[in-house]
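Readers should treat all values here as calculations from the given coordinates under stated rules, not as data from a laboratory. The structure displayed is predicted, hence computed values, not measured ones. As a convention, Cβ positions derive from the backbone with ideal geometry for all residues, glycine included, and neighbour counts pool all protein chains shown.
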Amino acid sequence: MVLKAPPRIQLSSGWLILAGGLLLGLGAAALWPHRPLTAAVSDRNEKFGMCTVTMTEGLEAVFVLDFLTGRLTGACLGKQGNGFVQFYAADVAADLGVKAGKPQYAMTTGYASIRGTPAAQPAASVIYVAELNSGLVGCYAIPFKLPNSKNLVPIKLVPLDRYQFREAAVE
């Protein structure tokens, strides 16, 4: 009687490399810092534009730019579900030196890690406003100190800077 050896399973080195790479990739992904996906939203028509901004993780505010008056206003929801608790305002027309006529605005938001003081920490976002006729873009920081109750007095948005993206339109 002849005894046969059990069949041998042969693994090629290609499969070993693939399995090792897969394990290494899964290990790196588990250790990599995770950041939640967020997105600012904006919309507009002929008379106003609105956008959302991230104030801090898990908290947003909404801002509306009135194209007729050049006034930018905003409101932030409270964390306790008690409605809008903090309000904001800025006079974009005055800050950008908009003359009488028909201003044409565009608005968007962006992330910014701006240093503040313990009493006034800026929000995690800034608001950018452009005006086509003047050719200026302004940037506003949002002071963030969420009150425990409604604060109906608007906080003034802080104009950080502005720049000329084109020459002013000739009237």
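Some notes on this structure:
- Relative packing of peptides 64-73, 131-140, 102-111 - highest average C-beta neighbours within 10 Å first: 131-140, 64-73, 102-111
- Cut-off under 5 Å, modelled amide H: who pairs with ILE155 long-range: PHE87, TYR88, ALA89
- Top of PRO33, PRO122, PRO143 by mean-square fluctuation, Gaussian network on the chain, Cα under 10 Å: PRO33
- Shape box of the chain [Cα atoms, principal axes, largest first, Å]: 108, 46, 30
- In the chain, Cα pairs under 8 Å separated by at least six residues give a relative contact order of 16 percent.
- Estimated [θ] at 222 nm from DSSP helical runs (n ≥ 4, -39500 (n - 2.57)) normalised by residues in the chain, nearest 500: -4000 deg cm²/dmol
- Residue-span extension gain [ALA106 to ASN151] - 0.36 nm each, minus C-alpha spacing: 13.4 nm
- Cross-link partners of LYS102 among lysines (Cα-Cα below 21 Å; sequence separation of 8 or more within a chain): LYS47
- Dipole magnitude for the stretch 18-89: computed about the Cα centre from +1 point charges on Lys and Arg Cβ and -1 point charges on Asp and Glu Cβ, it is near 60 debye.
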